[in-house]
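The values are calculated or read from the model by the stated rules, or taken from the named source; none is laboratory data. Small disclaimer: the values here were computed from a predicted structure and weren't measured. Here the Cβ is made from the backbone with ideal geometry for all residues, glycine too, and neighbour counts use every protein chain on show. The protein model used for the area step is the full one, side chains on, heavy atoms only, and it has no ligands, DNA or RNA in it. Shrake-Rupley method; radii C 1.70, N 1.55, O 1.52, S 1.80 Å.
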Amino acid sequence: MLLNVQELRAGKTKIALHETIDVADLLSQVPGVRPAGPLAADVTAEPLGEFVEVNGTLDCNLEWTCVRCLTAFEEPLHIPYGERFKQVSQEVAELGEQDDEDFVPFHGDRLELRPYLQDELLLNLPLSPTCSEDCRGLDPETGENLNGKPERSRPAKIDPRLEALKGWFDPERS
């Protein structure tokens, strides 16, 4: 998604950009996530003095693996996007973004937005995706998926090393 900054500043109006980006290679290194479609980027760019402000939304359907029950599920991801760019000299642009700045420096008349949009997608992926809030996960003994199964009582297990202490506080023992 290439933005011509000279045309943007010359027109002094907003420019709408729409593009679909294939994220299969990007997400191939992320465990538990597979793309179910491309990343749809709908952004507008507008000149604000010496800055170029880019705002919009990113939408992508992803296939996740639940971290509790290990079932696959598909869920859309909607990400609001907003970034401020500033055209600077090549020396400053090579230093990259500084922590105390509220903008991303770039050099040249064209700004490639694709890497910034892909970074935003990666930063908004959940750390532990679950198929539902009340996912019960897997049975620790059998490995069976507990979702949709009735609740069953489990006998209290006593560590065999501590079984001799089981009757320690028993009143009949005294």
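The residue list Pro105, Pro140, Pro76, Pro80 contains one member that is free of Cβ contacts under 8 Å to residues at least 60 places away in the same chain and buried (at least 16 other Cβ atoms within 10 Å of the Cβ), which is Pro105.
Looking at the structure I just gave you, is Val67 closer than 30 Å to Asp139 by Cα, open to solvent by 70 Å² or more (accessible area, probe 1.4 Å), assigned to a loop (DSSP other than H, G, I, E, B) and among the β-branched types (Val, Ile, Thr)? Spelling it out, Val67 is indeed closer than 30 Å to Asp139 by Cα, open to solvent by 70 Å² or more (accessible area, probe 1.4 Å), assigned to a loop (DSSP other than H, G, I, E, B) and among the β-branched types (Val, Ile, Thr). Checking the stated criteria, Leu62 turns out to be open to solvent by less than 30 Å² (accessible area, probe 1.4 Å), under 28 Å from Leu138 (Cα atoms) and assigned to a strand (DSSP E or B). The one condition from (1) assigned to a strand (DSSP E or B); (2) open to solvent by 40 Å² or more (accessible area, probe 1.4 Å); (3) touching a helix residue (DSSP H, G or I) at 6+ places or on another chain (Cβ under 7 Å) that Thr44 does not meet is (3). Of the listed requirements (1) assigned to a strand (DSSP E or B); (2) of a type in the set (A, V, I, L, M, F, W, C); (3) at pLDDT 90 or above, Leu3 misses just one: (3).
Just one of the listed residues (Phe106, Phe169) is closer than 30 Å to Val54 by Cα and at pLDDT 75 or above, and it is Phe106. Applying the condition of being assigned to a helix (DSSP H, G or I) and touching a Leu at 6+ places or on another chain (Cβ under 8 Å) to region 6-29 and asking which residue is most open to solvent (accessible area, probe 1.4 Å) yields Leu26. Only one of the numbered conditions (1) on the phi > 0 side of the Ramachandran plot; (2) surrounded by 11 or more Cβ atoms within 10 Å (Cβ to Cβ); (3) more than 14 Å from the chain's Cα centre (by Cα) is not met by Gly32, and that is (3).
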